[in-house]
Every structure is written in structure tokens, then in C-alpha cells.
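For reference, the structure discussed in these notes is given below.
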Protein chains: 2
Amino acid sequence: MNKPLIFITNDDGIHAPGLRALIGVMKQLGDVLVVAPDKPMSGMGHAVTITSPLRVNKLKEEPGHIEYSCNGTPADCVKLGQKAILGRNPDLIVSGINHGSNSSVNVIYSGTMAAVLEGAMENIPSIGFSLNDYSFHADFSKCEPYILSIAGNVLEKGLPEYTCLNVNIPAVNGSPIKGIKIVRQAMAFWDEKFEHRKDPHERDYFWLTGVFRNRDEGLDTDEWALKNNYVSVVPVHFDLTSHKTIPLLRDWETGNLN
Amino acid sequence: MNKPLIFITNDDGIHAPGLRALIGVMKQLGDVLVVAPDKPMSGMGHAVTITSPLRVNKLKEEPGHIEYSCNGTPADCVKLGQKAILGRNPDLIVSGINHGSNSSVNVIYSGTMAAVLEGAMENIPSIGFSLNDYSFHADFSKCEPYILSIAGNVLEKGLPEYTCLNVNIPAVNGSPIKGIKIVRQAMAFWDEKFEHRKDPHERDYFWLTGVFRNRDEGLDTDEWALKNNYVSVVPVHFDLTSHKTIPLLRDWETGNLN
């Protein structure tokens with residue numbers, strides 16, 4: 001049997017230790033093609049580059065292991081890697097390991113998950129991995145068996161149509177990780193504040209800061225899992241329709257008003 | 001009764017004719033505060049600015065009409081406008097009128113809708129308006145009664161918790177608009193191609209191009225509505241969980257693997 005071809009990207013950039021950790025794990029499962037941003041792209045959400053040209057730079061070519069950096073976003077890396085470099089679908093797309101959580105509504109802001117949603121739109125099995133530790137030198141050592149378990153299941157059994165996975169791993173905090181939980185996205189939000197400063201020329205500027213608050217008391221959420229030292233796996237799709245709201249607005253329909 | 005306070009932003013920038021058209025319509029319904037990007041931000045998705053400072057520039061202050069430009073993304077404009085400029089919630093957030101469709105999966109890439117989702121996360125009634133015409137000098141004249149109808153309903157009746165609206169308006173093509181339909185997001189996708197070029201120094205570069213393809217034959221979708229000259233209204237939420245998939249993955253749960 002041929003080895004699976006695994007496409008790897010991230011949003012912290014080609015040099016991030018989290019990407020290096022993920023490459024190391026994926027090489028146990030198949031051949032790897034890495035196309036990752038040439039600089040950190042955190043908070044880029046699902047940005048795509050349409051008004052400037054994209055460039056790629058081959059950094060490594062060994063049997064079973066090819067790497068490119070790209071001047072685009074994580075979503076660009078997936079599109080370009082698949083359409084312009086590979087010319088076919090990989091067997092699996094993985095993104096990460098992100099330096100910091102992408103649980104709950106962070107899925108919306110996450111470049112890591114944007115790459116994964118690109119895979120889902122192409123119906124390629126895709127997984128985003130994030131470690132709940134923002135530091136550059138985070139300890140990724142405990143992640144490996146959980147990533148192997150989840151990616152192994154996806155390679156063996158596939159995923160439902162147009163569905164991908166958002167996997168968040170609790171930070172190493174002295175307690176052992178308790179296992180893997182399949183959960184839903186929690187209703188948790190950023191409570192933002194802006195720090196107002198004056199520059200040396202007396203002009204105002206603002207820094208975005210914020211505190212993350214969980215308003216969801218459910219025991220079936222990603223926030224609950226992480227707080228209780230479980231790896232959270234949320235199956236994610238890209239249908240943002242609030243289907244239950246459609247009948248409530250039916251009487252807002254009209255005929256021609258011009 | 002006090003006039004409602006309406007917050008207005010977009011992703012085509014403070015000078016876009018679509019924004020000017022929306023301001024004109026909203027002034028019929030209330031007082032307006034505009035905070036819009038100082039340059040076009042199309043394709044920025046849900047990007048937020050965390051690694052550089054934000055600045056705002058007051059451009060206009062008349063009774064009932066204040067305008068700022070901002071060096072951030074549409075999502076930044078909503079956060080900054082509400083938290084740093086206004087200090088309270090507006091009665092309504094509107095974004096647009098976008099120059100180009102945000103139907104179907106475009107909701108994921110859309111800065112227009114990122115601003116609206118920011119409103120939904122704060123539980124503020126929020127609506128994104130887009131005209132299915134990409135040109136800078138598109139004809140926005142037919143949009144007004146539909147925008148007034150939808151925004152009037154939202155101001156009067158509110159929206160369900162954590163839900164916003166994605167409104168797309170068919171391009172003016174000689175046929176009259178037939179009315180408003182409440183619909184779901186179609187399963188339609190970009191079929192991307194990269195145009196490969198060489199720069200004058202013989203270095204490769206790529207332009208992202210694509211064709212939009214509807215794979216969804218449903219008569220209850222935004223693509224169907226637009227194709228049939230209806231204004232499409234999709235109620236949108238930010239729970240990306242594929243709830244029906246959760247039980248299918250239950251046996252992927254594990255205990256400690258370290």
C-alpha cells in the first residue's frame with residue numbers, strides 16, 4: 001500500500017516549533033508536503049490574498065518530505081499547495097500545532113482553522129491542532145499520542161462529507177491529560193478592551209486586549225473538556241445558516257418594492 | 001422616542017460608493033456612527049489586528065452623523081467603535097453595501113460579514129448587505145426599499161439571540177427585483193485556479209483566480225434566490241459545530257495515552 005500524502009500548514013509560520021512538532025508526528029503516518037506562511041499570520045481569520053501575487057520558496061526536498069514557505073495566508077497556502085504545487089488532493093490536511101487555543105469562537109478568527117476549512121470545502125479530510133499554550137517554547141511532547149490517535153482514525157475511517165475537526169489540547173500543567181472528548185463549540189467570548197495610548201507625537205493609538213469568558217455551563221463543550229484536562233475534538237462545518245431561525249422570519253418575505 | 005443609533009461599517013473602505021449608499025438609507029431610520037477601514041479590505045475574512053496599534057481619524061461630525069476612518073479590519077472597526085469610541089452598544093449594526101456577492105460560502109471570506117458576526121457575538125442586531133455587482137460604480141438605487149424593509153423589521157422586532165443576517169441583493173440587470181426570500185446558505189464553492197507568471201527577474205509568482213460553482217440544486221438557497229432575482233436573507237450564527245457528526249465520532253474518545 002502507498003503511504004498517505006499528508007499536507008501540513010499552520011498560521012504561526014514555517015519556523016514555529018508547533019509546526020516542527022506536527023511534521024515530526026505526521027512523518028510517522030505518511031509522506032509530508034509542507035506549505036506554510038513565511039511569517040506569523042495569527043488572527044488572520046479566513047483572509048485570502050487577491051490583490052497581490054503569491055510566491056513560494058522551496059526550502060527542503062528529501063524523500064517523503066518537501067517544504068515550501070509562502071508569502072500568503074494559511075488559506076492561501078492550502079489553495080496554492082493543492083492547485084499549483086501538488087496538482088491533486090492530498091489524503092489528509094493538518095494545520096498547527098497552533099501556539100494557543102482555537103477553542104470556542106476562536107474558530108472564527110483562526111488562521112489554523114481557516115486552512116482546515118479550505119480542506120473541508122474541497123472534501124479532503126482535514127484537522128486543525130492547537131495547544132492551549134501561547135508561548136513560543138511551549139512543551140508539545142504530550143501531544144503526540146493524541147494527534148496520532150485522531151489522525152489515524154481520520155486516515156482509516158475518513159470524515160463525514162464537508163466536515164473537518166478542530167482539536168485543542170490542554171497545556172501541560174503537571175497533571176496528566178485524561179483523554180479525548182468529542183464535544184461542541186462552547187458559547188464563550190472575548191471581552192475586549194482597548195488600551196488607549198499617545199505616541200511621541202501626541203497622536204492617539206489603541207491596542208486591542210481582551211479576556212476570554214465562558215458563558216456556557218454545558219458539560220459537552222470544548223471549554224469544559226480543556227478545563228478538565230481532556231483533548232477536545234469539535235467536528236466543524238462551514239454552513240453558518242441558523243436553520244431554526246428561517247421559519248421565524250418567514251413573514252419578512254415581500255414581493256417587489258421598487 | 002429617541003432615534004435609534006445605527007453603527008455602520010464595510011470592507012471596501014470609507015470612500016466606497018456602497019458605504020455612501022448605506023449611510024444615505026440608514027439616516028432615514030436613525031442617527032449614524034460610521035467607523036470604516038481607511039482602505040479596501042476585501043477578502044480579509046475575520047482578521048483582527050493584534051500585533052500593531054489601531055488608529056482612528058474623525059472625518060465628520062454633524063448632528064446625527066459622525067464618521068471615522070480606521071487603519072484596521074472590518075472586525076476591528078466594530079470592536080473599536082463599540083468599545084473605544086461609543087462606550088455602549090448601538091441599536092443596530094449594518095455593514096456594506098458590499099461591492100460583490102457574499103452569498104453561500106463567501107460568508108467565510110467576507111470582511112463585511114465578519115463585522116456583522118462581531119455584532120452577533122455581542123448580541124447586537126446586525127445585518128450585512130451586499131450587491132451582486134463587483135464594479136466600483138455599481139447601481140445601488142434599487143437596493144433602498146429592500147434595505148429599509150429588512151432593517152425596519154430588525155429594529156422593530158429584533159433578531160433571535162446570537163443571530164445576524166446575511167442579505168444579498170441581485171445586480172440591476174434590467175429585470176425588476178421580485179422581492180425578499182428567507183433562505184439558507186447554498187453549498188456553492190470557488191473552483192480556484194492559479195495563474196503562473198514570471199516577473200522581469202525570471203522569478204515565479206502566482207495570481208489567485210477562480211470560478212464560482214453552485215453544486216446545490218435546492219430551491220431554498222441564497223444562490224437560487226439571487227439567480228431568480230430575489231433579495232436573499234440568510235440568518236447566520238457562529239456555531240460551526242457539525243452537531244449531527246458528534247455521535248458518529250463517539251468511539252474515537254479515549255483515556256490517557258501518555
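The values are calculated or read from the model by the stated rules, or taken from the named source; none is laboratory data. Fair warning: this is a prediction, and the values are worked out from it, not measured in the lab. Cβ placement follows ideal geometry from the backbone for every residue including glycine, while neighbour counts extend to all protein chains displayed. The protein model used for the area step is the full one, side chains on, heavy atoms only, and it has no ligands, DNA or RNA in it. Shrake-Rupley method; radii C 1.70, N 1.55, O 1.52, S 1.80 Å.
Residues being over 23 Å from A:Pro40 (Cα atoms), of a type in the set (Val, Ile, Thr), within 14 Å of chain A (Cβ to nearest Cβ) and touching a residue at least 60 places away in the same chain (Cβ under 8 Å) are represented in the range B:56-79 by at least one member. Here B:Trp190 fulfils each of the conditions (1) open to solvent by 60 Å² or more (accessible area, probe 1.4 Å); (2) of a type in the set (A, V, I, L, M, F, W, C); (3) over 21 Å from A:Val48 (Cα atoms) apart from (3).
Scanning the range A:200-254 for residues that are assigned to a loop (DSSP other than H, G, I, E, B), within 11 Å of chain B (Cβ to nearest Cβ) and farther than 30 Å from B:Cys143 by Cα yields A:Arg203, A:Arg215, A:Asp216, A:Asp220, A:Asn229, A:His237.
Out of the range A:14-29, which residues are in a loop (DSSP other than H, G, I, E, B) and under 20 Å from A:Asn168 (Cβ atoms)?
Across the range A:14-29, the qualifying residue is only A:Ala16.
Among the residues of the range A:26-41, those that are surrounded by fewer than 24 Cβ atoms within 10 Å (Cβ to Cβ) and more than 23 Å from A:Asn89 (Cα to Cα) comprise A:Lys39, A:Pro40. All conditions but one from (1) under 26 Å from B:Met121 (Cα atoms); (2) more than 16 Å from the chain's Cα centre (by Cα); (3) not hydroxyl-bearing (Ser, Thr, Tyr) apply to A:His99; the one that does not is (2).
Is it true that some residue in the range A:216-233 is over 24 Å from B:Ile108 (Cα atoms), of a type in the set (Phe, Trp, Tyr), at pLDDT 95 or above and buried (at least 18 other Cβ atoms within 10 Å of the Cβ)? Checking the range A:216-233: at least one residue is over 24 Å from B:Ile108 (Cα atoms), of a type in the set (Phe, Trp, Tyr), at pLDDT 95 or above and buried (at least 18 other Cβ atoms within 10 Å of the Cβ).
Output the residue which, of all residues in the range B:151-179 that are under 14 Å from A:Asn256 (Cα atoms) and in contact with a strand residue (DSSP E or B) (Cβ under 6 Å, 6 or more places away or on another chain), is most open to solvent (accessible area, probe 1.4 Å). Out of the qualifying residues, it is B:Lys178.
In the range B:81-108, which residues are buried (at least 24 other Cβ atoms within 10 Å of the Cβ), within 12 Å of another protein chain (Cβ to nearest Cβ) and touching a strand residue (DSSP E or B) at 6+ places or on another chain (Cβ under 6 Å)? Within the range B:81-108, B:Gly81, B:Asn102, B:Ser103, B:Ser104, B:Val107 qualify.
Test of understanding: among A:Gly128, A:Gly111, A:Gly119, which residue is buried (at least 24 other Cβ atoms within 10 Å of the Cβ), within 9 Å of chain B (Cβ to nearest Cβ) and within 24 Å of A:Val154 (Cβ to Cβ)?
A:Gly111
Among the residues of the range A:200-213, write down those that are under 22 Å from B:Gly87 (Cα atoms) and either of a type in the set (Asp, Glu) or open to solvent by less than 80 Å² (accessible area, probe 1.4 Å) (or both). Matches in the range A:200-213: A:Asp204, A:Tyr205, A:Phe206, A:Trp207, A:Leu208, A:Thr209, A:Gly210, A:Val211, A:Phe212.
Scoring A:Gly45 on the criteria (1) under 21 Å from the mean Cα position of the chain (by Cα); (2) part of a loop (DSSP other than H, G, I, E, B); (3) more than 9 Å from chain B (Cβ to nearest Cβ) leaves a single failure, condition (3).
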